[in-house]
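The values are calculated or read from the model by the stated rules, or taken from the named source; none is laboratory data. The structure displayed is predicted, hence computed values, not measured ones. As a convention, Cβ positions derive from the backbone with ideal geometry for all residues, glycine included, and neighbour counts pool all protein chains shown. Side chains are part of the model used for accessible areas, which takes the heavy atoms of the whole protein and leaves out ligands, DNA and RNA. Shrake-Rupley method; radii C 1.70, N 1.55, O 1.52, S 1.80 Å.
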Amino acid sequence: METIKERLASLRKIMRREKLCAVIIPSTDPHNGEYVPEHWEGRKWISGFSGSAGTAVVTLHSAALWTDSRYFIQAEEELRDTGFLLMRQKMPGTPDIPEWISQEVFKDNTRPADGSTEVCIDGTVCSAAAVEGLVADLRSHGGLTLRTNLDPLAEIWQGRPSLPTAPIEIHPLEFAGERAADKLARIRKNLRARHADGMLVAALDDIAWTLNIRSRDVHCTPVAVAYLLIATDRATLFTMKEKVSAETEAYLKGEGVDIDDYGNVAKGLKRYPEYNILADKDEVNHTLYRGIKCRIVDAASPIPEMKAVKSEAEIKGFRNAMLRDGVAMVRFLRWLKENIGKLPMTELSVSDRLQSLRAEQNLFRDVSFDTIAGYGAHGAIVHYEPTAETDIPLQPRGFLLLDSGAQYQDGTTDITRTIPLGPLTEEERLVYTLVLKGHIALEMLKFPDGASGTQLDAVARKDLWRYGYNYLHGTGHGVGSYLSVHEGPHQIRMEYRPAPLHAGMTVTDEPGVYLEGKFGVRIENTLLTRRYTTPLQEAGRGYESPTAEYLEFESLTLCPIDREPIIADMLTAEERGWLNDYHRRVYESLSPYLTSEEKTWLEKACQAL
């Protein structure tokens, strides 16, 4: 098997021929998706790092990989002896990519023989906004320039996977809640308000939502590789034609959508009949963006905000999916608790067991992401995914951190439970209780309609901060309706995210603490944002009613939160009340679908604290 060092050597031959001083290989694809088809997993191929986020940079004499805190431990292991240095993003002393390239290129005159200062990135897999920012940053570091018209891996990537060709399926109206033609009409109305005649849609989940279609082109996310070009009275879906059955083609035409080959999108843009077009620089790749000849309306796509507010049918689907997922989780937890220390178990085997229980549920299609099953010290690796090389046996002590989810045809689930497998240390119990307090605090929060997730984030962290703990990932993200498990634009996190929260949005609540070499704790539910009636509004006459609309959260996730690790005296009466009410609802919702033995187990798991 070709080693990473051999691949680097082959890439450097290309670099010398093309007179490049550095090559940047991001984790993105032409559609700027979180998960990318194997055809575009160039960063993984060149570096050996398998995490979902990271950027590889190669110069003629060095190589480095940038990734965030979720993957520090994993990246350190996977990059060992590859020739790549690990760059820990946002940590003190870590240079950014242009700074590091400049240091390496101008150090000891390690440029190409002609003294070139040209850096290369494939413009088809990098957004227009990212390229613009990179050009400016490189220029400020020694006058480095950027080339975007070359895929530097094209010649050397032997056995590169082809483009995916999974068939496109029609997503039933009973789950979508709105016809594609009606969604297109709403989008066009929004575009007119922005003085745009139409738009180019590149985000695959936006296309799937707009047209009520699904596919299996992307790992764990039911989308099709395609572009959608919307004009004033027509739309065109650019995709591989072998993916489209006669039934699907007839359906799309009935919704006002033509079909063309995926490779013809650049030609379609040149033939675009309107005066101007909205193209989101953060979504459309640089190569396509530069190929647009008509006037560009530089604005954010309106589709993510529309998609984030779920229809009544989608909300109903979420509730039904959570019921089935809760049944699978209860059966799994009962099996795990009753058999730990009796049957041989590993991180991978319990992941497989949970997936098989979910697969028994009606409308199950896939997992929504690769299960994170971290036992003991592996739980401190935020996005750890067990492999055959890292898999370890479970013992009847300590914590198992289990973050998992499923794609059902009527909804997407995402849940984390930290499960005690036996005796715990006082530190484990303290951290678990603090994380639970943060989780409950966010669940109980009431806030004005239009507040951003950044304004809510500290509520989940305040008790952790008091004890000197923190976590570097976000507290919450949107969840798609049988779509991407990570959906925007709204997020709950420390970094500023201005996207407002409105009724009908789904969002996760997942604070955590991770102690390297020891254990990790995270507790996560998926929530629905709904309208809240304030006490003044309930009082009616005699009080001045607030003019602002207020919101609150409802837990969609239905699964007991383990009470065994809780230091009960650390919970307030209000926190205990929330937990007991939640467990009462979990039991009442799930028990009709369980056997008598399962009901008995769940009743005990949901006892009042």
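Annotations for the structure displayed:
- Where labels lie 7 Å past Cα in the beta-carbon direction, separation of Arg530 and Asp569 in nm: 3.7
- Amide H contacts of Ile213 (H built 1.01 Å from N, under 5 Å, at least 5 apart or other chain): His171
- Note on the chain: antiparallel DSSP beta bridges, both residues inside, total approximately 75 percent of the bridges counted.
- Taking all Cα-Cα distances within the stretch 72-174, those exceeding 23 Å account for 50%.
- Neighbour net charge for Arg585 - beta-carbon separation under 14 angstrom, K R +1, D E -1: -3
- Hydrodynamic radius of the chain per Kirkwood, over alpha carbon pairs, in Å: 25.9
- Rounded to the nearest 20, the Cβ-based charge dipole of the chain about its Cα centre (Lys and Arg +1, Asp and Glu -1) stands at 680 debye.
- Ellipticity at 222 nm from helices only: DSSP H runs of n ≥ 4 in the chain, each -39500 (n - 2.57), divided by the residue count, give -10500 deg cm²/dmol.
- Counting 0.36 nm for each residue step from Glu18 to Lys107 and taking away their Cα separation leaves a gain of 30.0 nm.
- Residues of the stretch 553-586 with amide N under 20 Å of a point placed 7 Å along Cα→Cβ from Gln537: 553-556
- For the chain, the solvent-accessible area of protein heavy atoms averages 41 Å² per residue (probe radius 1.4 Å; ligands and nucleic acids excluded).
- Within the assembled protein chains, the solvent-accessible surface assigned to His378 is about 40 Å², based on a 1.4 Å probe.
- The apolar share of the surface of the stretch 203-270, taken as the fraction of accessible area on carbon and sulfur atoms (1.4 Å probe, ligands and nucleic acids excluded), comes to 48 percent.
- Take the Cα of His61, step 7 Å toward its Cβ, do the same at Ser140, and the gap between the two points is 2.7 nm.
- More than 20 angstrom apart: percent of Cα pairs within the stretch 169-278: 36
- Stretching Asp233 away from Ala154 to a fully extended chain increases their span by 24.6 nm, per 0.36 nm per residue minus the current alpha-carbon distance.
- Cβ-derived FRET efficiency at R0 25 Å, Ser356 paired with Asn470, nearest 0.05: 0.10
- Centre-to-centre, using Cα atoms only, the stretch 578-608 and the stretch 1-48 are separated by 50 Å.
- Note on Glu588 and Glu426: their simple-model spin labels are 4.0 nm apart, each label 7 Å out from Cα toward Cβ.
- Surface share of carbon and sulfur [accessible, 1.4 angstrom probe, percent] for the stretch 1-47: 50
- Loop-located chymotrypsin sites (Phe, Trp or Tyr not before Pro) in the stretch 518-609, at most 15 other Cβ atoms within 10 Å (DSSP): Tyr543
- The three principal axes of the C-alpha atoms in the stretch 450-493 carry coordinate ranges of 38, 21, 12 Å, sorted with the longest axis first.
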